[in-house]
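Below: the structure, in structure tokens.
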Amino acid sequence: MAHSNTTDVLVVGAGPIGLTAAAELRRRGVSCRIVDRLPARPPFAKAVGIQPRTLEIWDRMGMVRAALDAAVPLRGQLTYVNGAEQPRIDLVLPPEVPYRFAALPQYETERILDEHLGRWGTTVERGTELVSFSQDAHGVTSRLHTPSGAEEELRTRYLVGCDGAHSIVRKGLGLSFEGGAFPEEYMLADVEADWDLPYGYTLRAMHLDGAGAVDDVLVCIPLPGRSRYRMSMKVPPELSTAAQSAAVADGVAHGLQGGRAPQLADIQTVLDRLSPTPTTASNLRWSSVFRISHRIVDSYGRGRVFIAGDAAHIHPPTGAQGMNTGIQDAWNLAWKLALAVEGAAHPGLLPSYDAERRPVGEEVVGRTVRHASAQGVQSDPEDADTLILREAQLLVGYRGSPVVDPPGQGPGPRPGDRAPDCTGLTSPIAAVPLRLGDLLREREHVLLLYGTGLDELARTAGESSGGRVGTCVVLPAGTPPHTPAGPAALPTYHDTAGEFARMYAAEAPTAFLVRPDGYLGARLSPPNPQQLAAHLATVFAPDAGP
């Protein structure tokens with residue numbers, strides 16, 4: 001068996017979640033290898049919905065432009081029940097949200113992330129499979145099966161399993177994966193349809209039986225290309241894989257199934273039953289049978305080994321929550337793991353990954369199961385605006401986390417909430433107004449100081465984090481330019497449009513600590529250096545040097 005040199009982190013699985021984890025680790029200078037058992041990137045349009053929050057993440061990572069070039073907009077949903085048109089759902093978001101809903105085939109998402117990862121000279125090691133692993137107090141020893149047929153033993157400091165619903169990493173940790181499977185099977189197909197539906201709208205056509213239950217369904221999501229859709233529908237008996245699924249070794253019947261792939265004629269039969277207008281399907285690019293389970297683990301990691309994405313939670317695809325939730329898992333974990341590798345993380349920082357992300361996974365599993373068992377997201381009792389914000393994943397938050405301050409009372413975002421974007425920030429150099437997102441892009445912790453006389457907080461932030469917290473000053477419109485009391489000038493912007501004050505409910509000098517994943521760790525009003533130092537002590541090691 002070959003023995004390889006130590007690297008900091010091994011990422012198992014090169015789907016969108018594993019690629020996100022690897023890219024964020026490499027961007028922070030962490031040595032990392034990423035392996036995938038498949039010999040090539042799968043050409044499947046599985047997960048296709050891209051939430052606004054994911055686009056915010058990709059912006060912060062520095063790769064959103066490539067996604068915008070490749071995606072198409074999702075403007076809303078058309079719904080038909082027993083042939084009757086229902087009220088149209090328009091996906092309208094507040095104007096300060098910088099991105100809208102989009103659709104992108106999963107293989108395109110993986111291509112973009114793969115190319116982004118390549119900026120740091122890291123490529124996916126294809127055809128390489130994790131066979132087993134063990135961990136001790138100092139690291140993880142993994143056994144890999146390589147494309148040549150040889151075995152390699154790899155020593156790393158940490159292991160991250162992004163290896164899907166049948167995760168070897170989850171099984172190796174002995175985690176429970178409680179839940180069940182839906183009896184229904186679905187066909188997925190990537191086809192063209194010659195109908196004249198409004199551009200950018202998904203279609204959900206359902207048939208209800210006499211008791212009001214859904215007994216037939218067609219869901220079509222637009223994809224890049226002329227009249228192209230990813231369609232899903234119930235499987236006819238002749239394509240059933242139920243017997244095959246019952247024999248799955250780990251009992252997790254989820255994902256693409258083997259057996260005969262649906263043909264155009266199978267797709268056309270369903271369209272003839274449920275399409276709101278006569279249409280002909282053509283140009284079948286890919287199809288498969290799909291099974292759905294709903295499960296979640298009892299822990300997102302143990303010791304030096306962590307899991308993310310489908311390895312931790314699986315659920316119905318209603319609302320396109322799965323891949324987007326997994327990307328947020330990886331994003332949450334990566335910055336914490338990078339600090340741990342550097343020796344700069346407080347001992348409680350890595351455990352906060354489970355504390356913050358598992359409640360999110362539990363909520364998503366419960367919500368998507370509820371929607372799948374009813375008539376889609378529109379069956380949710382929430383008001384329309386809140387429902388759309390939740391589906392956009394803009395309401396995900398970490399209030400009560402052990403590594404954010406107590407939320408306190410008052411208007412505006414509180415510790416644990418997403419740091420909202422805003423526009424209208426100007427400087428003596430920038431000729432056009434900037435977004436807050438422009439100031440945060442590809443940065444780590446950022447302390448936003450609203451108002452004057454707060455230089456001591458900037459010094460405290462630097463001293464308490466070993467120089468790992470950057471500072472920006474935001475001044476109310478009309479305030480004279482900032483003159484720092486110390487030797488170094490702080491980046492300073494004016495809230496010319498008043499948007500920052502409005503979005504953050506800032507009426508007096510206030511400090512906001514924005515974490516690397518875009519959530520508020522602390523809100524200090526009035527600003528207090530001792531309170532800031534106490535908060536940073538929950539994130540950084542006491543001796544975190546530069």
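The values are calculated or read from the model by the stated rules, or taken from the named source; none is laboratory data. As the structure is a prediction and not an experimental result, all values here were calculated from the model. Every residue, glycine as well, gets a Cβ built from its backbone with ideal geometry; the counts of neighbours run over all protein chains shown. To get the accessible areas, we keep the full protein, side chains included, count just its heavy atoms, and leave off ligands, DNA and RNA. Shrake-Rupley method; radii C 1.70, N 1.55, O 1.52, S 1.80 Å.
Worth pointing out:
- Candidates are the residues of the stretch 23-39 that are part of a loop (DSSP other than H, G, I, E, B) and among the hydrophobic types (A, V, I, L, M, F, W, C); the one that is modelled with the highest pLDDT is 30.
- Restricting the first member to the stretch 498-519 and to residues that are more than 16 Å from residue 460 (Cα to Cα) and free of Cβ contacts under 8 Å to residues at least 40 places away in the same chain, and the second to residues that are of a type in the set (A, V, I, L, M) and crowded, with 18+ Cβ neighbours inside 10 Å, the beta-carbon pairs closer than 8 Å and six or more apart or on different chains are 507/501.
- Any hit, the stretch 384-401, residues being at pLDDT below 85, in contact with a His (Cβ under 6 Å, 6 or more places away or on another chain) and assigned to a helix (DSSP H, G or I): no
- Only a single item in (1) touching a strand residue (DSSP E or B) at 6+ places or on another chain (Cβ under 6 Å); (2) open to solvent by less than 40 Å² (accessible area, probe 1.4 Å); (3) at pLDDT 85 or above is not met by residue 275, and it is number (1).
- Applying a threshold of 7 Å to beta carbon distances and a minimum spacing of six or more residues, or different chains, the list of pairs starting in the stretch 293-314 at a residue that is over 25 Å from residue 186 (Cα atoms) and among the polar types (S, T, N, Q) and ending at one that is modelled with pLDDT of 95 or more and in a loop (DSSP other than H, G, I, E, B) reads 299/175.
- Identity of the residue in the stretch 191-213, out of contact with any helix residue (DSSP H, G or I) (no Cβ under 8 Å at 6 or more places or on another chain) and of a type in the set (Gly, Ala, Ser), that ends up nearest to residue 286 (Cα to Cα): 200
- Of all the listed residues (181, 205), the sole one being under 19 Å from residue 320 (Cα atoms) and either without any contact (Cβ under 8 Å) to a residue 40 or more places away in the chain or open to solvent by 30 Å² or more (accessible area, probe 1.4 Å) (or both) is 181.
- Residue in the stretch 530-544 that is crowded, with 19+ Cβ neighbours inside 10 Å and farther than 30 Å from residue 395 by Cβ present: yes
- The stretch 453-536 holds helices (runs of 4 or more DSSP H) entirely within its bounds, and those carrying 1 or more residues that are of a type in the set (Lys, Arg) map to 455-465, 499-504.
- Note on the stretch 208-265: enclosed strands (runs of 3 or more DSSP E) holding 2 or more residues that are within 17 Å of residue 186 (Cα to Cα), at pLDDT 85 or above and open to solvent by 30 Å² or more (accessible area, probe 1.4 Å) are 214-222.
- In the stretch 271-298, the residues that are in contact with a Leu (Cβ under 9 Å, 6 or more places away or on another chain) and of a type in the set (D, E, K, R): 273, 291, 298
- Checked against the criterion of being closer than 30 Å to residue 196 by Cα and not in a helix (DSSP H, G or I), the stretch 127-137 contains not a single residue that satisfies it.
- Of the set (1) within 30 Å of residue 209 (Cα to Cα); (2) crowded, with 21+ Cβ neighbours inside 10 Å; (3) in contact with a strand residue (DSSP E or B) (Cβ under 8 Å, 6 or more places away or on another chain), all apply to residue 333 but (1).
- Subset of the stretch 306-327 (residues that are in a loop (DSSP other than H, G, I, E, B) and open to solvent by 10 Å² or more (accessible area, probe 1.4 Å)): 315, 317, 318, 319, 320
- Hey, residue 340 open to solvent by 10 Å² or more (accessible area, probe 1.4 Å), over 30 Å from residue 222 (Cα atoms) and in a helix (DSSP H, G or I) or not: yes
- Taking the listed residues 87, 39, 95, the one that is free of Cβ contacts under 8 Å to residues at least 60 places away in the same chain and either among the basic types (Lys, Arg) or farther than 29 Å from residue 195 by Cβ (or both) is 95, with no other qualifying.
- Among residues of the stretch 13-27 that are closer than 19 Å to residue 42 by Cα and open to solvent by 10 Å² or more (accessible area, probe 1.4 Å), those with a Cβ under 7 angstrom from a residue that is assigned to a helix (DSSP H, G or I) and among the hydrophobic types (A, V, I, L, M, F, W, C), sequence gap 6+ or separate chain, pair up as 17/327; 17/330.
- Given (1) of a type in the set (S, T, N, Q); (2) within 23 Å of the chain's Cα centre (by Cα); (3) open to solvent by 20 Å² or more (accessible area, probe 1.4 Å), index of the condition residue 269 fails: (2)
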